């Protein structure tokens, strides 16, 4: 499901893409943290995302979790090779006019994983009225 809510105003806090990658044929990628980081690096390079830090955990007997902390937000993945599945999350605070960049990234990911193409969820994240620190709401006190 692609969200078509174009929030081109100062309330936007970016877009968040949530992907359930299913029926993955490239099982090797699900356990290869080096290749997975290359995939993330390629995305960051192409879309000019700034990597602040990265961490990974390799599970026994299989599966990995990788988190890229970006100045724009984050990219994360949790793999389940025994189920040919991965949960991938990309959130950036960039104000894109539409979902085209995310659709492009999704197509690249599907191709690399050789996964079944399903619709990712793309959420327009927004600051809402009355959030802490806004003129309508006083800041929290310690």
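The values are calculated or read from the model by the stated rules, or taken from the named source; none is laboratory data. Worth saying up front: this structure is predicted, and the values here are computed from it rather than measured. Quick reminder, even Gly has a Cβ in these numbers, built from the backbone with ideal geometry, and neighbours come from all protein chains shown.
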If we keep only residues of the stretch 104-125 that are under 20 Å from residue 40 (Cβ atoms) and in contact with a strand residue (DSSP E or B) (Cβ under 7 Å, 6 or more places away or on another chain), then the residue surrounded by the most Cβ atoms within 10 Å (Cβ to Cβ) is 113
Is it the case, given these coordinates, that residue 50 is surrounded by 12 or more Cβ atoms within 10 Å (Cβ to Cβ), modelled with pLDDT of 90 or more, in contact with a strand residue (DSSP E or B) (Cβ under 9 Å, 6 or more places away or on another chain) and closer than 22 Å to residue 15 by Cα?
no
Of the residues in the stretch 73-104, those that are within 11 Å of the chain's Cα centre (by Cα) and within 14 Å of residue 14 (Cβ to Cβ) come to 73, 74, 75, 89, 90, 91, 92, 102
Restricting the stretch 55-64 to residues that are assigned to a strand (DSSP E or B) and surrounded by fewer than 16 Cβ atoms within 10 Å (Cβ to Cβ), the one farthest from the chain's Cα centre (by Cα) turns out to be 58
Within the stretch 18-27, of all residues that are in contact with a helix residue (DSSP H, G or I) (Cβ under 9 Å, 6 or more places away or on another chain) and more than 17 Å from residue 60 (Cβ to Cβ), the one surrounded by the fewest Cβ atoms within 10 Å (Cβ to Cβ) is 25
Considering the stretch 4-17, residues that are more than 15 Å from the chain's Cα centre (by Cα) and either over 18 Å from residue 118 (Cα atoms) or surrounded by 14 or more Cβ atoms within 10 Å (Cβ to Cβ) (or both), and then whichever is modelled with the highest pLDDT, we arrive at 11
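Can you pull out the residues in the stretch 82-133 that are part of a strand (DSSP E or B) and either out of contact with any helix residue (DSSP H, G or I) (no Cβ under 7 Å at 6 or more places or on another chain) or free of Cβ contacts under 8 Å to residues at least 24 places away in the same chain (or both)?
Of everything in the stretch 82-133, those that are part of a strand (DSSP E or B) and either out of contact with any helix residue (DSSP H, G or I) (no Cβ under 7 Å at 6 or more places or on another chain) or free of Cβ contacts under 8 Å to residues at least 24 places away in the same chain (or both) turn out to be 85, 87, 89, 91, 92, 116, 121, 123, 124, 125, 126.
Within the stretch 72-90, which residues are over 18 Å from residue 38 (Cα atoms) and at pLDDT 95 or above? If you could, list the steps in order and put the result at the bottom.
Step one: filter the stretch 72-90 for residues over 18 Å from residue 38 (Cα atoms), giving 72-73, 80-85.
Result: 80, 81, 82, 83, 84, 85.
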